[in-house]
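Input: a single structure, listed below in structure tokens.
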Amino acid sequence: MTAQDIFDALSDPFPQEYLEWRLGSTNADKTKGMALAYIDARAVMDRLDMVCGPSGWQNHYSQGMGGSIICNIGVLMDEWIWKADGAGATDVEGEKGALSDAFKRAGVRWGIGRYLYDLKAPWVEIEPMGAKSHRIKDSERKKLDQVHEEFALKCGWGLRSGVQAYKLMNNALKTWLTQPDDAVRFREQHASMIAQLPVGMRKHLNETLDRVGA
């Protein structure tokens, strides 16, 4: 892979299962709020492992100004290339939160999850969670998944590899997946490829595998 290939692969949108949504601004009567998409540090690690391989990336931390923590992520591209970003302690998790935030921000320098900054924050219904806090209603998740999927398709993300991967899997299903054990092995062997398919393709494929494995 060239350096551009690696960056493009790191920049690909995430499957819906990796996305989390937090509540931003709310209206006056606290019935609706803005949903903000984000990924956690585990998703960044998974993307680096999948694209670069376990030995193709590394990271370390250093102390920044004002008590902030700097995360440096290196990716092997013939030689080690480093990019860094930092964060301060969070109100909830303190230094642990700063380590996680710095790692995610350094990942953005590599394109990981950067597209989420351009994803619109839709207004959704919310509900109370305790005395002073609110949360996004579970019933809004389908709407949010659709917002993300439409944005990814509009930008052309996922079409390059997703369509080809889906054609490959579909041909395989037609030719040699006839027994329940076949479906189990196929799902295990191609789990990472299945995870990156667009939502509609992934759902159709998993439904087909479920039927074969039943």
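The values are calculated or read from the model by the stated rules, or taken from the named source; none is laboratory data. These numbers were taken from a predicted model, which means no experiment stands behind them. Heads up, the Cβs are rebuilt from the backbone with ideal geometry, glycines too, and the neighbour counts pull from every protein chain shown.
Listed here are the residues, each with its yes/no results for (1) touching a residue at least 40 places away in the same chain (Cβ under 8 Å); (2) in contact with a Pro (Cβ under 8 Å, 6 or more places away or on another chain); (3) of a type outside the set (Ser, Thr, Tyr).
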| position | (1), (2), (3) |
| --- | --- |
| LEU36 | yes, no, yes |
| ALA43 | yes, no, yes |
| TYR61 | yes, no, no |
| ASP85 | no, no, yes |
| GLY88 | no, no, yes |
| ARG109 | no, no, yes |
| ARG114 | yes, no, yes |
| VAL124 | yes, no, yes |
| HIS134 | yes, yes, yes |
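Of the helices (runs of 4 or more DSSP H) contained entirely in region 109-199, those carrying at least 2 residues that are hydroxyl-bearing (Ser, Thr, Tyr), modelled with pLDDT under 80 and surrounded by 15 or more Cβ atoms within 10 Å (Cβ to Cβ) fall at 159-176. Taking the criterion of being out of contact with any Ser or Thr (no Cβ under 9 Å at 6 or more places or on another chain), at pLDDT 75 or above and of a type outside the set (S, T, N, Q), the residues of region 200-214 that qualify are LEU205, GLU207, LEU209, ASP210, ARG211.
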